[in-house]
């Protein structure tokens with residue numbers, strides 16, 4: 001099949017929510033030969049893409065996992081940069097159905113009026129446990145995790161927008177699990193073991209629990225992201241043997257992997 005089945009992961013950022021001069025907020029691009037999906041747009045994503053010399057026209061779709069600032073707040077600026085660079089190609093923005101109304105209002109309040117754009121941006125909703133098609137041979141399934149449960153019994157009157165999923169991507173018949181931000185170790189097991197690639201955050205989980213998950217041997221390769229600066233050496237120490245064996249990877253910003 002050659003290049004027709006080629007799938008790439010390009011890590012735009014691999015850091016946690018705490019600003020780290022060496023690692024941008026966690027974000028990556030999943031690609032096959034016909035489309036590219038940018039996952040998350042933290043503050044400063046436009047500058048980070050420019051530093052990595054990634055043409056904004058390269059991005060066909062955007063997926064927002066949840067609304068914490070390190071995952072979302074660069075989206076508006078990114079669309080403005082696309083406009084300023086005379087983009088003409090339409091773009092799809094995938095977000096959970098509970099957040100669509102918020103996003104539409106947010107775009108209006110920051111003056112991103114569709115009528116003034118040279119391209120169309122379409123907000124596409126997804127729901128938990130329903131397969132969402134990006135294109136032929138590229139889809140994802142989302143399941144709710146407990147990352148935002150800490151807010152559910154607090155001062156909020158409406159908790160409908162407390163949405164934080166984990167994802168199973170299927171691209172060219174290859175399955176990739178992405179934990180996104182989680183709340184507890186059980187969130188790592190939301191999907192069955194029918195995937196070969198795992199991308200897991202490392203900030204909101206005990207490293208012993210993460211190691212136990214990897215020891216289950218669900219996947220062939222594990223990529224560790226959302227890395228706190230103070231924990232990076234600890235990660236390398238804890239997973240040294242698995243790193244040497246090519247089972248665990250701690251990618252740097254800009255790293256690209258063919259899978």
When a/c is below 1.5 the answer is rounded, else prolate if a/b is larger than b/c, else oblate, so apply that to segment 161-259 with a ≥ b ≥ c taken from the square roots of the Cα gyration tensor eigenvalues.
rounded
Pseudo-spin-label distance residue 151 to residue 105, built 7 Å along Cα→Cβ, given in nm, is 1.4 nm
Please work out how much length the chain gains when fully extended from residue 22 to residue 193, using 0.36 nm per residue of separation minus the C-alpha to C-alpha distance, in nm with one decimal.
58.3 nm
Stretch residue 47-residue 127 to full length: gain in nm at 0.36 nm per residue minus the Cα-Cα span?
25.7 nm
Given [x] 1.09; [y] 0.98; [z] 0.95, the label whose value is Rg/Rh (Cα atoms, Kirkwood Rh) derived from this model
[z]
For the chain, find the longest principal axis of its Cα atoms and tell me its angle to the long axis of helix 100-109, 0 to 90°, nearest 10.
50 degrees
With Cα atoms, 0 to 90° folded angle of helix 75-84 axis to the chain main axis:
50 degrees
In nanometres, what is the gap between the two model label sites at residue 186 and residue 247, each 7 Å from Cα along Cα-to-Cβ?
2.6 nm
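Under the rule of -39500 (n - 2.57) per DSSP H run of 4 or more residues, summed and divided by the residues of the chain, what mean residue ellipticity at 222 nm is obtained, to the nearest 500 deg cm²/dmol?
The helix contribution divided over the chain gives -5000 deg cm²/dmol.
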State, to one decimal in nm, how far the label point of residue 89 lies from the label point of residue 172, with both points 7 Å from Cα in the Cβ direction.
1.6 nm
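Every read-out reported here was derived from the displayed coordinates using simple, explicitly stated rules and does not represent laboratory data. The shown structure was predicted, so the numbers you read here are calculated from the model rather than taken from an experiment. We place every Cβ from the backbone using ideal geometry, glycine too, and count neighbours over all the protein chains shown.
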